[in-house]
Amino acid sequence: MTSQMPKTNIPLGPPSKGEWAQPLRGAHAACGADVSRHEAIALSRNPISKTPPLKGDKGGCSSSRASGFTLIELIVVMTIIALLTAAVVPIYQGSLTRVRQDRATRDFVAYLKYAQERAITDGTEYRFYMREESREYWVMRQYIDEEREEQFAYLDEGPVEVKQLPEGIEFERPKARFDKDREAHFVSFYGTGACDYATIKMETADGDDLELETKGRLGRFEVKAE
């Protein structure tokens, strides 16, 4: 009795090229699927790492256009800055000069009032001197010397220094009494609160004039801007 061998699909000869390629293609497909899965996991953990490069970006380096300015752009910017500076500086200088002039006139009026207040407080005569050539002004106090003669001296306290109007402000010839020894005009303030009648005018370089009048027995000042 002859036994029968079971049928199998095992090839008896060497495999062909196509048969060798089939398992290789399957392995490649499985490997590709596995790699795609790992890439998806990595992308979910770090999405920045898979950001596509910008258009025109070579090797991830920024272009020179994005990192700086051209020479023409720099020239345009510098020209604009120069024009703005040329327009603003004269305005600033004019404002600064006006501020100095306003401060100088306020100091002058305040010093004049100080002389009046000291005369009333001390009960004696004070003189406010002005010398138009040097633009100087100061205050002196009356006293009686050993020979019982009337004299005037600088103050022992307070603003004793000789002040000066800044450049750009000039005295016009004051309408006031004149001291020949000191070559300066002056206004007297008395212990009663009265003062001399006088008109003091100052001129500024920009044409703004200030006129100050003292009202005699009333002891008041009137300031006018022209």
Simple label model, 7 Å out from Cα along Cβ direction - residue 109 to residue 178, nm: 2.8
Only Lys, Arg (+1) and Asp, Glu (-1) charged, at Cβ; segment 88-225 dipole about Cα centre in debye: 540
Cut-off 13 Å between beta-carbons: net charge of the residues surrounding residue 118, Lys and Arg +1, Asp and Glu -1: -2
Taking segment 88-225 and dividing mean pair separation by its residue count, relative contact order in percent (alpha carbons under 8 Å, at least six apart): 20
Cα-Cα separations in segment 88-225 greater than 17 Å, expressed as whole percent: 60
Which listed pairs, of 113/180; 180/224; 175/215; 113/201; 113/215; 180/215, have C-alpha distances above 19 Å, in listed order: 113/180; 180/224; 180/215
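Just so you know, all these numbers are worked out from the coordinates, no wet-lab data involved. Please read these numbers as outputs of a predicted model, since none were measured by experiment. Here Cβ is always computed from backbone atoms with ideal geometry, including for glycine, and neighbour counts include all displayed protein chains.
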